[in-house]
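Every number here is computed from the coordinates shown, using simple stated rules; none is lab data. Predicted, not measured: the structure shown is a model, and the values here were computed from it. Here the Cβ is made from the backbone with ideal geometry for all residues, glycine too, and neighbour counts use every protein chain on show.
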């Protein structure tokens, strides 16, 4: 499977990659995006099977990326890894078609719980 | 509008503890030891601003060595391997993580900014029209680290009236 990791922090992208490995999902093909626009572009061009996205990013927020992908008819599995987790955000994410919502700081156990059903 | 801040020092301490457990000290061998000293020195700091139902800043401040150690822990690298960019990125993400968790405890309608990182001490970059309302201060491997909340004065007006 191809996984796109979108976060404007390179350090956080590395932590997500490392945590995926720790949770046993390290053998998937990983692609990275450094802001919302790049996330949208790569989600379209690279055709990933899963997008793991930050919420608060320059150029386009994660929820905007998800909405634009859906508006363009792209139904890639998409979820958020974010430090912000309010009821409104979770409702917005769910309404836009997000599959999961992981709050930073996160653990490998949390990744396993969320991604085992998706990645197998 | 006067908003009761629902985030107190023990909430902040819990968020900080989670950051340590998840990223900075996953093995539980070098915790942040509380000093309760709000005037402890810092050499670098990062912040996120919150506007809306509550307005102010969440600030992460520490020594350069503590910032370098945090970047090394985030990247699973040795301290001498981390670059200046790694340090800035790590500091920004630390403010973002705590700020995001703070926002989650505030009344609905708060907006979180992208992080700002300044490689000078917190004391030389005070936040205009904002006062510190709570903080967690400690030493990590002998180096100062603090996380504090600064409330903008627009929110304080009624308290002084």
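Would you check if there is a residue in the stretch A:65-82 being within 14 Å of another protein chain (Cβ to nearest Cβ), outside any strand (DSSP E or B) and surrounded by 21 or more Cβ atoms within 10 Å (Cβ to Cβ)? Within the stretch A:65-82 (the criterion being within 14 Å of another protein chain (Cβ to nearest Cβ), outside any strand (DSSP E or B) and surrounded by 21 or more Cβ atoms within 10 Å (Cβ to Cβ)), the answer is no, since none of the residues qualifies.
Residues satisfying the criterion are absent from the stretch B:97-107 (criterion: more than 17 Å from residue A:86 (Cα to Cα) and either facing chain A (nearest Cβ under 10 Å) or outside any helix (DSSP H, G or I) (or both)).
Is it true that residue B:46 is assigned to a strand (DSSP E or B), under 18 Å from residue A:8 (Cα atoms) and within 12 Å of chain A (Cβ to nearest Cβ)? Taking the combined requirement at face value, the residue satisfies it. Test residue A:111 against the stated conditions and say whether it is part of a helix (DSSP H, G or I) and within 14 Å of chain B (Cβ to nearest Cβ). Yes; evaluated as a whole, the condition is true for this residue.
Among the residues of the stretch A:16-51, those identified as surrounded by 22 or more Cβ atoms within 10 Å (Cβ to Cβ) and assigned to a helix (DSSP H, G or I) are A:16, A:19, A:20, A:36, A:39, A:40, A:43. If the condition is being farther than 12 Å from residue B:57 by Cα and either surrounded by fewer than 19 Cβ atoms within 10 Å (Cβ to Cβ) or out of contact with any helix residue (DSSP H, G or I) (no Cβ under 6 Å at 6 or more places or on another chain) (or both), then the stretch B:123-142 contributes B:123, B:124, B:125, B:137, B:138, B:139, B:141, B:142.
If you take the residues of the stretch A:83-113 that are under 21 Å from residue A:43 (Cα atoms) and in contact with a strand residue (DSSP E or B) (Cβ under 6 Å, 6 or more places away or on another chain), which of them is surrounded by the most Cβ atoms within 10 Å (Cβ to Cβ)? Filtering the stretch A:83-113 for residues that are under 21 Å from residue A:43 (Cα atoms) and in contact with a strand residue (DSSP E or B) (Cβ under 6 Å, 6 or more places away or on another chain), the one surrounded by the most Cβ atoms within 10 Å (Cβ to Cβ) comes out as A:93.
Among the residues of the stretch B:135-150, those identified as over 11 Å from the mean Cα position of the chain (by Cα), over 13 Å from residue B:16 (Cα atoms) and touching a residue at least 24 places away in the same chain (Cβ under 8 Å) are B:141, B:143, B:144.
For (1) in contact (Cβ under 8 Å) with a residue 60 or more places away in the chain; (2) under 11 Å from the mean Cα position of the chain (by Cα), each residue gets a yes or a no:
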residue: A:13; (1), (2): no, yes
residue: A:24; (1), (2): yes, no
residue: A:38; (1), (2): no, no
residue: A:41; (1), (2): no, no
residue: A:45; (1), (2): no, no
residue: A:57; (1), (2): no, no
